[in-house]
2 protein chains.
Amino acid sequence: MRQASEVTFVNIGQLWMRPGQVIDGPVFIKTVQGRVRSIGPMTRVGQVQDAVDVGGRAVIPGLVEAHTHLVFAGERANEFEMRAQGVSYEQIARQGGGIRSTVAATRKAGEQELFESGMNRLDRFMAMGVTTIEVKSGYGLDFEQEMRMLRVIRRLNEAHPLTVRPTLLAHVPYGADRKEMVMDIAQRWIPEAAKTGLAVQFDVFCDAIAFDFDEAARLLRAARDAGLGLRVHAEQLGHTGISKYAASIGAQSADHLDHVQEDDIVAMAGAGTVAVLLPGCSISMGTRNLPHIRPFKAHGVAVALSTDYNPGSSVTVNLPLMGSLAVAYMGFSYDEAMAAITTHAAKVLGMADTAGSIQPGRPADFVVLDCADFRQLFYEYATPHVASVYKNGVKVYEACGSGHGRPQ
Amino acid sequence: MRQASEVTFVNIGQLWMRPGQVIDGPVFIKTVQGRVRSIGPMTRVGQVQDAVDVGGRAVIPGLVEAHTHLVFAGERANEFEMRAQGVSYEQIARQGGGIRSTVAATRKAGEQELFESGMNRLDRFMAMGVTTIEVKSGYGLDFEQEMRMLRVIRRLNEAHPLTVRPTLLAHVPYGADRKEMVMDIAQRWIPEAAKTGLAVQFDVFCDAIAFDFDEAARLLRAARDAGLGLRVHAEQLGHTGISKYAASIGAQSADHLDHVQEDDIVAMAGAGTVAVLLPGCSISMGTRNLPHIRPFKAHGVAVALSTDYNPGSSVTVNLPLMGSLAVAYMGFSYDEAMAAITTHAAKVLGMADTAGSIQPGRPADFVVLDCADFRQLFYEYATPHVASVYKNGVKVYEACGSGHGRPQ
C-alpha cells in the first residue's frame, strides 16, 4: 500500500479525537508517512504541500471493530424466521442448527472460498468506516480446521488494507470426547497459534451450550501461559461468573455480558478489563433486553461496542448502528458511543497506542463523514454517513454519489 | 427521463413478484417502453434486443415508502440523547422541542433549501431501493406555509426520478386559536390542496399531543368530501379510536397503531384499510414495544411497513431495516416483510395497480440485489444489498464496489 509522504487535511468542520475531546473547526490534520504529525486551527496551517479539502465535514478516527466471526461459509436465514415464530436459539442449536451448521459448511468450503468471501466482508466493514478489525476462528473445531481458519485470517490481513487482528476462539465442544478436545486446545491449538503468531488473542465461549466454567478457566490459563491476550464470551445466555475469573487473570475484555453481575464488574474494573457489549445480537435473536452502561460507568469499566458479526446471532456489519442502539436503549451519550467503537475498542485489542484515536504520532486512520457533526452518525441511524476512509493516510474507500438518479 | 424502448433482464436468479409468489431462476423480464411485457424461464427467452445480465442475483419490486415527513429543515440530534437520559417525547414536545422546533426551522428555510435537502434525501431512499415514496407536509402549520411545503413536494416529484406522492398533513394544533385552525384546515387547506392537485391524500395526527378525536374526525370528513384519499396517525402514544372511525369513512390506511384495539382492526378489515406499522420509531424513541402482525393477520388486514422518516421520532431512510425489525420482533415472515414494503405499501398510496409488484403491464420499477436470495435483505440487516435500481426500465442508481480498498 502506497503511503503519501505528506498530506494535509484542511477545512475539517469538527474533529472527534478521543473520548471527551471534540474540536470545532475549521481545523487541519497534517500527516507524514501515514502518521499524524500535527493538528491545529486552520489559521495556523501554514505552507501545505499536498492538501485534501474536507469541506467543513466532520472527521472521526477509523472505527475499530473488536469482535467478529467474519470467516465462515453458509448462511442461516431460515433461523432468523424460525426465531420470529418462537423457536429459541438454544432449541435451534440443540437441533443441529446454529453454530454447528456453520461449522459443517465452513469445513466443507475451500480455503480460497473462505478468503474471497472474507475479503468481500472486509470491504463491507470498510464502507462502514472500520479500519481495524478483529476476526476469530471457531468454526473449525479441530486442530487442522482451526489452524486453517487462522491462516485464512492471516491472508486477509496481508491482502486487505484493513488491519485484521486474529483471535483463536474455542467456540463450542464438538465430537465424542469433550475432555479430550479441551486438552487438545490447551496443549496443541493454543501453543501452535501463539508460536506461529497465527493468533494474538485467545477467546472462549463459556455458557450452558458451550464450555463450562472449569473448562473455560483452564483454557484461559493455558492461553495466558502461552502469551496470548485473553478474551471471553461471558454471561450471554446465563450467568457463569467467567467474566470475573477472566478479569482476575488479566483478560483484555469480557464480551456479551447480558447477565453480568456487580461483582463481575468490580473485578473487571480492578483489572482494566474492557466490557464489550453487542447490541446487534438483540435484532438477530429477536430479544429486547440490552445491558445498560450505568453499572459499568459506576465502577469505571471502559465499554466498547461491536457488531459480533456472524451468520447466526448477529448478522450485520453496521458498527455505527451499534452506537445508535446504545444511545437509544443502553444509556450511552453520543461521546460514549463514539468512544465505544474507537478508543475503547482499540484497548480491547491491545492497540490503545496505535488505533481508535486521532493524535500526533498515531497512524492516520480516519473517516470523513458526509455531515458536519459526528452525532449524525448515530442520530440518523442505519444511514450511510461515511464519505471516505483513510488508512495510514491513504484513501482506501470513497462513497459514490447518486447524482439524483441521472440515467447511468 | 429516457425510456429504453425494449430491454430484457436475463439470468435473474430469483424473482419476488408479489406476496406468496417467488420464482426461482434463471428467469427473464422483458420490458418495453418502461413497462414489463413478459416474464418467463430463460429457456424461453427467445431473441433479445438489448440485454441486462443480472448474473444470478435476486430481483424484487422497487420498494414503496408509504409514510415520510421528508421535507424539513433543522435537526434534533440533542433530543435523541435526551431521551436516552430518560426525558420523554411528550416532555420534549411540551418544552417546545419536538415537532415545534422543526416547524420553526422549516418556516425559516428558503424554498430552494427545502428542495435541495429533499432531493438529497430522495437519493438516500433510492439507494435503499425505493422507487415510489409518499411525502407529507405538516411542518408549516398555517395555510401559506403548508402550501409552500406542498409546492416543494411537487417540485421534488418533477425533478427526481422517484415517484413522489404528496400528502397534506394536519400535524399538530398551533397558534392561539385551535378552533380557528381546524376550521381553516377544513375550509381552506384541504379544498386548495385538492383543487390544485398539490396533495392526493390527507393525513391527520390524532393523539393527546395533537388533534383530538372530534377535530380529526371533522378534518377527515372534509378531506373525504374534497375527494382526497384518507390517512391517519392513529393510536400512537395512546388509544383514541380514530383508526376505527377513519376506516368507517373509507381511509386507505391507519398508521402507527401501537395501541390499536381489536375492534379498530375489525373495522379496518371491513373497509380494506391498510395498517402501516412504523418500527423505526422504536429506535429513535428508545421504546421496546412493537405491534405484532398476529391480530392484523387474524382479521385479514393488509400490513405495510414504513420508516416514518422525520427528524425527531424516526431518523432513518433504511426501509429494508424495517423489514428486519418486523421479522425480529413483530412475527413477520420474510414474505410478509417484503409484501409490507412493496405490494401493501402501494395499496396504502392507492397505487396497487402501478407499483409494488412485478407483473406484465406494470411499470418496470425494480431492484437488483447483490445476492441470490431476497431473504438476505432482511436477514443480513442494516447492510447495503441494493446493487442497482430501475425506474420505468431505466437504471437510476448503481452501487459502487470498493474493490478491496485499492488506493483511489
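The values are calculated or read from the model by the stated rules, or taken from the named source; none is laboratory data. If you're wondering where the values come from, they're calculated on a predicted model, not measured in any experiment. Please note: Cβ atoms are built from the backbone with ideal geometry, for glycine as well, and neighbour counts cover all protein chains shown. In case anyone asks, the SASA skips ligands and DNA or RNA and just uses the protein heavy atoms, side chains included. Shrake-Rupley method; radii C 1.70, N 1.55, O 1.52, S 1.80 Å.
Among the residues of segment B:319-372, what is the count of those that are open to solvent by 10 Å² or more (accessible area, probe 1.4 Å) and out of contact with any helix residue (DSSP H, G or I) (no Cβ under 7 Å at 6 or more places or on another chain)?
Total meeting the criteria: 19.
Take A:A210 and decide whether it is touching a residue at least 24 places away in the same chain (Cβ under 8 Å), assigned by TED's automatic domain parsing to the domain that holds A:T287 and under 23 Å from A:V103 (Cβ atoms).
yes
Checking B:E113 against (1) at pLDDT below 90; (2) in a helix (DSSP H, G or I); (3) loosely packed, with under 14 Cβ neighbours inside 10 Å, which test does it fail?
(1)
Pull out all pairs, ordered by first then second residue, where Cβ-Cβ is under 6 Å, the residues are six or more apart or on different chains, the first lies in segment A:163-177 and is aliphatic (A, V, I, L, M), and the second is part of a loop (DSSP other than H, G, I, E, B).
A:L168/A:S137; A:L168/A:A199; A:L169/A:S137; A:L169/A:G138; A:V172/A:A210
Which residues, taken from segment A:326-356, are at the interface with chain B (Cβ under 7 Å from one of its Cβ atoms) and under 16 Å from A:C281 (Cβ atoms)?
So in segment A:326-356, the residues at the interface with chain B (Cβ under 7 Å from one of its Cβ atoms) come out as A:327-329, A:331-334.
Residues satisfying the conditions are A:A328, A:Y329.
Table: residues versus (1) assigned by TED's automatic domain parsing to the domain that holds A:T307; (2) closer than 23 Å to A:G312 by Cα; (3) open to solvent by 20 Å² or more (accessible area, probe 1.4 Å); (4) in contact with a Phe, Trp or Tyr (Cβ under 8 Å, 6 or more places away or on another chain).
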residue: A:A223; (1), (2), (3), (4): yes, no, no, yes
residue: A:G227; (1), (2), (3), (4): yes, no, yes, no
residue: A:A247; (1), (2), (3), (4): yes, no, no, no
residue: A:A251; (1), (2), (3), (4): yes, no, no, no
residue: A:H256; (1), (2), (3), (4): yes, yes, no, no
residue: A:V260; (1), (2), (3), (4): yes, yes, yes, no
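Which residues, counting only those in segment A:180-204, are free of Cβ contacts under 8 Å to residues at least 60 places away in the same chain and crowded, with 18+ Cβ neighbours inside 10 Å?
Of everything in segment A:180-204, those that are free of Cβ contacts under 8 Å to residues at least 60 places away in the same chain and crowded, with 18+ Cβ neighbours inside 10 Å turn out to be A:M181, A:V182, A:I185, A:A186, A:W189, A:I190, A:A193, A:A194, A:L198, A:F202, A:V204.
What are the pairs with Cβ atoms under 6 angstrom where one residue, in segment A:71-84, is more than 8 Å from chain B (Cβ to nearest Cβ) and under 12 Å from B:E380 (Cα atoms) and the other, located anywhere, is of a type in the set (D, E) and in a helix (DSSP H, G or I)? Sequence gap at least six, or different chains.
Matching pairs, first to second residue: none at all.
If you go through segment A:387-399 one residue at a time, do you hit one that is acidic (D, E), at pLDDT below 95 and under 22 Å from A:L162 (Cα atoms)?
For segment A:387-399, residues acidic (D, E), at pLDDT below 95 and under 22 Å from A:L162 (Cα atoms): present.
Kindly state which strands (runs of 3 or more DSSP E) lie completely within segment B:1-65 and contain at least 1 residues that are without any contact (Cβ under 8 Å) to a residue 24 or more places away in the chain and outside the structural domain of B:M128 (by TED's automatic domain parsing).
Strands (runs of 3 or more DSSP E) meeting the threshold: B:21-32, B:35-41.
Of everything in segment A:208-221, what is open to solvent by less than 50 Å² (accessible area, probe 1.4 Å) and either over 19 Å from A:I249 (Cα atoms) or in a helix (DSSP H, G or I) (or both)? Give them in sequence order. Step through it out loud before you land on a result.
Kept after step one, since they are open to solvent by less than 50 Å² (accessible area, probe 1.4 Å), are these residues of segment A:208-221: A:209-211, A:215-217, A:219-220.
Correct list: A:I209, A:A210, A:E215, A:A216, A:A217, A:L219, A:L220.
Considering only residues that are part of a loop (DSSP other than H, G, I, E, B) and in contact (Cβ under 8 Å) with a residue 40 or more places away in the chain, which ones fall in segment B:222-235?
Across segment B:222-235, the qualifying residue is only B:L228.
Can you tell me which residues in segment B:267-281 are open to solvent by 10 Å² or more (accessible area, probe 1.4 Å) and either of a type in the set (S, T, N, Q) or touching a helix residue (DSSP H, G or I) at 6+ places or on another chain (Cβ under 6 Å) (or both)?
B:A267, B:A269, B:A271
Return a yes/no flag: does segment A:381-399 have any residue that is more than 8 Å from chain B (Cβ to nearest Cβ), more than 20 Å from the chain's Cα centre (by Cα) and buried (at least 24 other Cβ atoms within 10 Å of the Cβ).
yes
Condition test on A:V54, is it under 30 Å from A:T273 (Cβ atoms) and open to solvent by less than 20 Å² (accessible area, probe 1.4 Å)? It would help to see each step written out before you state the result.
Working: under 30 Å from A:T273 (Cβ atoms): no; open to solvent by less than 20 Å² (accessible area, probe 1.4 Å): yes.
Against the criterion (under 30 Å from A:T273 (Cβ atoms) and open to solvent by less than 20 Å² (accessible area, probe 1.4 Å)), A:V54 does not qualify.
Going through segment A:123-179 one residue at a time, which ones are part of a loop (DSSP other than H, G, I, E, B), away from chain B (no Cβ under 14 Å), open to solvent by less than 10 Å² (accessible area, probe 1.4 Å) and small (G, A, S)?
Of everything in segment A:123-179, those that are part of a loop (DSSP other than H, G, I, E, B), away from chain B (no Cβ under 14 Å), open to solvent by less than 10 Å² (accessible area, probe 1.4 Å) and small (G, A, S) turn out to be A:S137, A:G138, A:G140.
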